[in-house]
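Below: one structure, written as structure tokens.
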Amino acid sequence: MGLSDYGQSNIVDILYLELPQEGESVGRGDKLGSVESGKWVGSLRVCTCLC
């Protein structure tokens, strides 16, 4: 899992990270979880690229 340069420069400190349970299936574009910093909460999504 990675975080964009924009996200890294704006989040700074991660206070809380919510991820799916081990073994739970997620598909392309699905919500994967959320990340929270002191002033920001955002959703994590599964990459939609065809890498």
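All of the numbers you see were taken from the coordinates with simple rules; none came from a lab. As the structure is a computational prediction, the values presented were derived from the model and not from experiment. With ideal geometry, Cβ positions are generated from the backbone for all residues, glycine too; neighbour counts draw on all protein chains shown.
A few notes on this one:
- Debye-sum result for the chain in log10 I(q)/I(0), which assumes one identical scatterer on each alpha carbon, at q = 0.24 Å⁻¹: -0.99
- Among the chymotrypsin sites (Phe, Trp or Tyr not before Pro) found in the chain, those both in a DSSP coil and sparsely packed, with 16 or fewer other Cβ atoms within 10 Å of their Cβ, are Trp40.
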